[in-house]
Amino acid sequence: MTSEFILLASGPDAVQNLSIFDPASPPAESIRALSLLVAAISAFIFIIVEGVLFYSVARFRGRGGPQASEPPQVYGSKAIEIAWTAAPALIVFILVLVVTRTLWAVNRPNPQPKAGDQALYVTVIGHQWWWEYVYETYDGRKLGVVTANEMHVPASTGGVSRPVYLTLKSADVCHSFWVPRLGGKTDLIPGHPNEMWFQTDKPGLYLGQCAEYCGTQHANMLLRVIVDEPADFERWLENESKPAVVPADDDGPESAGQATFFTQSCVNCHRIRGMSANGKFGPDLTHLMARRTLASGMVASNRDHLRQWLVDPQSVKPGCLMPAFGLQPREIDRIVDYLLTLN
Amino acid sequence: MASIELDTPEVGQAAARSSAAPSLLYDLVTTVDHKKIGLMYIAMALVFLVIGGCEALLMRWQLLFPRYDFIGPDAFNQLFTMHGTTMVFFMGMPTLIGIGNFMVPLAIGARDMAFPRLNAFGFWVSLLGGLLVYFSYATGGAPAIGWFAYAPLTERTFARSAATDFWALGLTVSGTGTLAGAVNFIATILGMRAPGMTLRKVPFFAWTMLWTSVLILFAIPPLTAALVMLLFDRNLGAHFFDTQNGGSALLWQHMFWFFGHPEVYILILPAFGMVSEVIPVFSRKVLFGYEFMAAATAAIAFISLGVWAHHMFAVGMSRTADLFFVVSSLLVSIPTGIKFFNWLATMYGGRISFASPMLFAFGFLSMFLIGGLTGIMLAAAPFDFQLTDSYFVIGHFHWVLIGGTLFGTFAGLYYWYPKVTGRMLSERLGRWHFWLLYVGFFLTFGPMHVSGFLGMPRRIYTYDVDRGWDFWNQLTTVGALLQAPSYAIFIYNVVVSLWKGRPAGNDPWDAWTLEWTTTSPPPSYNFEQIPVVHSRRPLWDIKHPDDPDWKYE
């Protein structure tokens, strides 16, 4: 059903990297450092305890045969008990110190935006089963950009830190924002805004997905964070700040599609900035084609997939909240023509 | 060695065989005998084990290939909800309460539980709860909310069918049964011990059942309250968890985990108790450091009431709150470590025989340690930000619940089966069971840790080709397929040995606690004469009159 589209979206055989052990952002790096220490301590305990266990099994198994008399009964030893209470207690003490340091480094509250801070502030709103991004400020400048599913952020290249501060909210149920290479999870909880941050000097695509079960299509609430060179990011931001393009040719199929779009119920859920479409339940479509994927990262954004999505969204993403509207094929073709202009 | 045939061995068996089928059914629904109720708990648990296991296999088959179309999202989400709910409430707890029901009165030298009719009530209500939860399928599908049912996904806005109501109602009802069981255990263990058996001399399994019951008493009521609030929300227009009308999503999480974390210890403490009975007998040594083991059990029970929010590190609590739960969670590792070292010290210097109970106790020791260590990783809050809600967590808690609870429980079942039935289980099938389960378990849950490291979240019905998770998921599925026959072998062994098993006699393992003084199976009154005990190992005293235990305790 959907597998062919997925292949198209991700390119043949390109295995993506989502490993928590390949961090590209300070919170993820601090966590890896902590995890290696904890793993080393665990390995140490593991070797000692399993070692004693296997030694005892090998050494004392069936000793003396079944007829042998009972071995000496040892009821306990206070000194030994104190020793093996103290040793784990010491390890716990060390772990608490290290955890505290990492916790304070990773989980710091977001600062207030100010002019010249080179920082990007985005409000992330979780919806069943897609992500809404409201770009608040960048470098102290107020922005009015709203987009969905694919988050563009600037890279901290050229020795300049460009941290990304997220405010996390939910429009419906609990979700969780998780891009493993950028940081740990932070939940999006209705009525309880959360914060998190990351920054990276490595441009590229970072994948993740919702990590808190949120209903039918939890599995396909995919996350794409695109880290751009600062100049590219500025260009992207400038394009996203503009209202939607209006089809140039008044008699072309795009204009006809636009007219169909605005007379159908599309506008109840979707927004196209600069137009009368002001719906808030679905993703903002102002610059739909500036995004590479549809259905929160499930399939590549192109004519075929747009068409299939409009014919029957349930065949692409079963259970998603967009219904099939039963439009005429001609109407669908025109709407797709129009949507393809939204760049 | 002194012979201790205190009763004629065949009397009980003959009595059990003579009942005809219709009167057997009548007997089962009206009985207040702790042994029959215990067996009914275990039978119930086995049925739900098969159901929950099939649910797991269906999920594993769906995850065999990326973007596989075996079952859709709705069915998958229902399956993991029912699998978790079933295994925790209708398999795990009934097994342990069932074994406790059968063995605790025998082990402490009592003729029944303190409140026999409450005992029967507890069982039937637990069963009714399980049936109610499964009745949700009659509404067109089971609830798809996950076993911890996070609000507001459970509100009527998001979960429209009555399935969620059946789920909440079923858990409320079965929780009542569990509470009845806990009250009964506490009264029995505190009030009905044989003369001479002070609290410092109770068999270790009874001691752990006592603390598990205390935890049930603290943990189940908050869950029941939360479930009733949820039912009010869904059916009477309340707004406790309805975030769109000022309710709180976090309130549910706190209430659920205030139950949910002690629940883990409710499920593990009796397993601790069972291996603490098995390891000494099969190492031919007294349990090392009984007092410290006993204190560690109580310490675990206390600390476990203060660790619940380590399931919620990612919800955005303050760093101070995070730190509190880091410290409390790590503290649990100290008494757990004490237990572990004492088990090892019991084996050390012994004469270890690997009959099937000890084989499973060995499985418990070698695997539970790993589950404990991955638990330390999860308790380190920042590490948990990455690990929580990933497949690593699934690997971790199955390692604890199968590597710990299940292996420990199998040790107990193989140990006490001869007492319960008068027949020995087949050792050969026991070995097949153990090794298939051991290898299959390793292969199922080991790779889950890796898929978690590679960014795979839990509760997803499918995943993209390009994620690189397919190999690890395929290993997991193969492991699950390897585990499945091990359970079939066990059930076959349990059933067939009822007729074909070698007669066990009163005391096949040359053991030391009171249950082994009576016949196998025990008569309905358990003991002809209530025994008088002087030490933790009354049978050791009888078998070694020249060197009795009470001289050293």
Problem - Failed criterion for residue B:338 (all others in (1) within 22 Å of the chain's Cα centre (by Cα); (2) surrounded by 24 or more Cβ atoms within 10 Å (Cβ to Cβ) hold) - result: (2)
Exercise for the section: Go through segment B:241-252 and count every residue that is crowded, with 19+ Cβ neighbours inside 10 Å, over 31 Å from the mean Cα position of the chain (by Cα) and in a loop (DSSP other than H, G, I, E, B). Expected result: 3
Exercise for the section: Answer yes if at least one residue in segment B:391-409 is among the hydroxyl-bearing types (Ser, Thr, Tyr), touching a Ser or Thr at 6+ places or on another chain (Cβ under 8 Å), within 10 Å of chain A (Cβ to nearest Cβ) and under 26 Å from residue A:23 (Cα atoms), and no otherwise. Expected result: no
Practice task
Working only within segment B:443-468, note down all residues that are modelled with pLDDT under 95 and either out of contact with any Gly (no Cβ under 8 Å at 6 or more places or on another chain) or of a type in the set (A, V, I, L, M, F, W, C) (or both).
Solution key: B:464, B:465, B:468
Exercise for the section: Would you confirm whether any residue within segment A:245-256 is within 22 Å of residue B:465 (Cα to Cα) and in contact with an Asp or Glu (Cβ under 6 Å, 6 or more places away or on another chain)? Expected result: no
Exercise for the section: Looking at (1) within 16 Å of residue A:272 (Cβ to Cβ); (2) touching a residue at least 60 places away in the same chain (Cβ under 8 Å), find the lone condition where residue A:310 falls short. Expected result: (2)
Handout entry: Residues satisfying the stated conditions in segment A:63-81, i.e. at the interface with chain B (Cβ under 9 Å from one of its Cβ atoms) and assigned to a helix (DSSP H, G or I)
Key = A:78, A:80, A:81
Handout entry: Considering residues of segment B:146-160 that are out of contact with any Phe, Trp or Tyr (no Cβ under 7 Å at 6 or more places or on another chain) and closer than 15 Å to residue A:217 by Cα only, the residue farthest from the other protein chains (Cβ to nearest Cβ)
Key = B:159
Problem - Filter result for residue B:171 (in a helix (DSSP H, G or I) and free of Cβ contacts under 8 Å to residues at least 40 places away in the same chain) - result: no
Problem - Sole exception among (1) away from chain A (no Cβ under 14 Å); (2) buried (at least 17 other Cβ atoms within 10 Å of the Cβ); (3) of a type in the set (Val, Ile, Thr); (4) in contact with a Ser or Thr (Cβ under 8 Å, 6 or more places away or on another chain) for residue B:465, by number - result: (1)
Practice task
Restrict the check to segment A:139-162 and report whether at least one residue is buried (at least 17 other Cβ atoms within 10 Å of the Cβ), touching a Leu at 6+ places or on another chain (Cβ under 9 Å) and among the hydroxyl-bearing types (Ser, Thr, Tyr).
Solution key: no
Practice task
Within segment B:364-376, identify whether any single residue is over 30 Å from residue B:425 (Cα atoms) and touching a residue at least 60 places away in the same chain (Cβ under 8 Å), and answer yes or no.
Solution key: yes
Practice task
List every residue pair whose Cβ atoms lie under 8 Å apart, where the two residues are 6 or more positions apart in sequence or sit on different chains, the first residue falls within segment A:97-113 and is more than 8 Å from chain B (Cβ to nearest Cβ), and the second residue, located anywhere, is among the acidic types (Asp, Glu).
Solution key: A:109/A:195; A:110/A:195; A:111/A:117; A:113/A:136
Completion exercise
Expected single match for out of contact with any Cys (no Cβ under 9 Å at 6 or more places or on another chain), free of Cβ contacts under 8 Å to residues at least 60 places away in the same chain and of a type in the set (Val, Ile, Thr) among A:124, A:153, A:134, A:145 is A:134
Problem - Residue satisfying condition, being surrounded by 15 or more Cβ atoms within 10 Å (Cβ to Cβ), part of a helix (DSSP H, G or I), in contact (Cβ under 8 Å) with a residue 24 or more places away in the chain and not hydroxyl-bearing (Ser, Thr, Tyr), within set A:20, A:41 - result: A:41
Completion exercise
Those residues of segment B:441-462 which are at the interface with chain A (Cβ under 7 Å from one of its Cβ atoms) and of a type in the set (Val, Ile, Thr) amount to B:460, B:462
Handout entry: Members of segment A:271-301 found to be without any contact (Cβ under 8 Å) to a residue 24 or more places away in the chain and of a type outside the set (A, V, I, L, M), listed by number
Key = A:276, A:278, A:279, A:280, A:301
Practice task
Restricting attention to segment B:319-333, report how many residues are facing chain A (nearest Cβ under 8 Å), in contact (Cβ under 8 Å) with a residue 24 or more places away in the chain and not small (Gly, Ala, Ser).
Solution key: 5
Completion exercise
Restricted to segment B:193-227 and to residues being in contact (Cβ under 8 Å) with a residue 24 or more places away in the chain and over 29 Å from residue B:88 (Cβ atoms), the residue surrounded by the most Cβ atoms within 10 Å (Cβ to Cβ) is B:197
Completion exercise
Residue count, segment A:255-280, condition of a type in the set (A, V, I, L, M) and either part of a helix (DSSP H, G or I) or more than 22 Å from residue A:323 (Cα to Cα) (or both), comes to 4
Problem - Within segment B:374-389, considering residues that are facing chain A (nearest Cβ under 7 Å) and outside any loop (DSSP other than H, G, I, E, B), the one farthest from the chain's Cα centre (by Cα) - result: B:382
Handout entry: Those residues of segment A:168-203 which are of a type in the set (Gly, Ala, Ser) and either in contact (Cβ under 8 Å) with a residue 24 or more places away in the chain or at negative phi (or both), in sequence order
Key = A:170, A:171, A:176, A:183, A:184
Practice task
Looking only at segment A:211-234, decide whether some residue is among the small types (Gly, Ala, Ser) and within 17 Å of residue A:161 (Cα to Cα).
Solution key: yes
Problem - Hey, residue B:370 within 8 Å of chain A (Cβ to nearest Cβ) and either more than 20 Å from the chain's Cα centre (by Cα) or surrounded by fewer than 22 Cβ atoms within 10 Å (Cβ to Cβ) (or both) or not - result: no
Exercise for the section: Given the conditions (1) surrounded by 20 or more Cβ atoms within 10 Å (Cβ to Cβ); (2) in contact with a Phe, Trp or Tyr (Cβ under 8 Å, 6 or more places away or on another chain), report the number of the one that residue B:527 does not fulfil. Expected result: (2)
Completion exercise
Here, helices (runs of 4 or more DSSP H) confined to segment A:281-343 with at least 3 residues that are in contact with a helix residue (DSSP H, G or I) (Cβ under 8 Å, 6 or more places away or on another chain), within 24 Å of residue A:128 (Cβ to Cβ) and modelled with pLDDT of 95 or more are A:303-311
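The values are calculated or read from the model by the stated rules, or taken from the named source; none is laboratory data. Everything numeric here is computed off the predicted structure, so don't read it as measured data. Ideal geometry is used to build each Cβ from the backbone, glycine not excepted, and the neighbour counts take in all protein chains shown.
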